[in-house]
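Contents: one structure, followed by commentary.
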Amino acid sequence: MAINFHIHVRRRLANDHVVDGATLNPREFECLKWTARGKSPWGVSQILGVSKRT
């Protein structure tokens, strides 16, 4: 149980995020998170304060 806890904590505290084997930077992960919550590209751009095309 301690090993599983340690793995879970390391994943939560790590700055890198791996999704399906691809390492995402924090901005990419945040965009993916908002998209998964149902936000449109325009909505994500408004939240992040960037243009829709960014």
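Right, residue 13: in contact with a strand residue (DSSP E or B) (Cβ under 7 Å, 6 or more places away or on another chain) and among the aliphatic types (A, V, I, L, M) or not?
Working: in contact with a strand residue (DSSP E or B) (Cβ under 7 Å, 6 or more places away or on another chain): no; among the aliphatic types (A, V, I, L, M): yes.
No: the conditions fail for residue 13.
Please enumerate the residues belonging to the stretch 8-28 that are open to solvent by 70 Å² or more (accessible area, probe 1.4 Å), part of a helix (DSSP H, G or I) and either within 24 Å of residue 49 (Cβ to Cβ) or of a type in the set (A, V, I, L, M) (or both).
Passing the criteria: 13, 26, 27, 28.
Tally up the residues in the stretch 29-54 that are in a helix (DSSP H, G or I), open to solvent by 100 Å² or more (accessible area, probe 1.4 Å) and of a type in the set (S, T, N, Q), please. Give the steps one after another, and end with the answer.
Just the residues of the stretch 29-54 that are in a helix (DSSP H, G or I), to begin with: 29-36, 41-48.
Cutting the leftovers down to open to solvent by 100 Å² or more (accessible area, probe 1.4 Å) gives us 42, 46.
Subsequent filtering for residues that are of a type in the set (S, T, N, Q) retains 46.
Residues meeting the conditions: 1.
Check off (1) open to solvent by 100 Å² or more (accessible area, probe 1.4 Å); (2) assigned to a strand (DSSP E or B) for residue 5 and give me the number that stays unchecked.
Unmet condition: (2).
The values are calculated or read from the model by the stated rules, or taken from the named source; none is laboratory data. All of these numbers come straight from a predicted model, not from anything done at the bench. With ideal geometry, Cβ positions are generated from the backbone for all residues, glycine too; neighbour counts draw on all protein chains shown. Note: accessible area is taken over every heavy atom of the protein model, side chains too, but ligands, DNA and RNA are not part of it. Shrake-Rupley method; radii C 1.70, N 1.55, O 1.52, S 1.80 Å.
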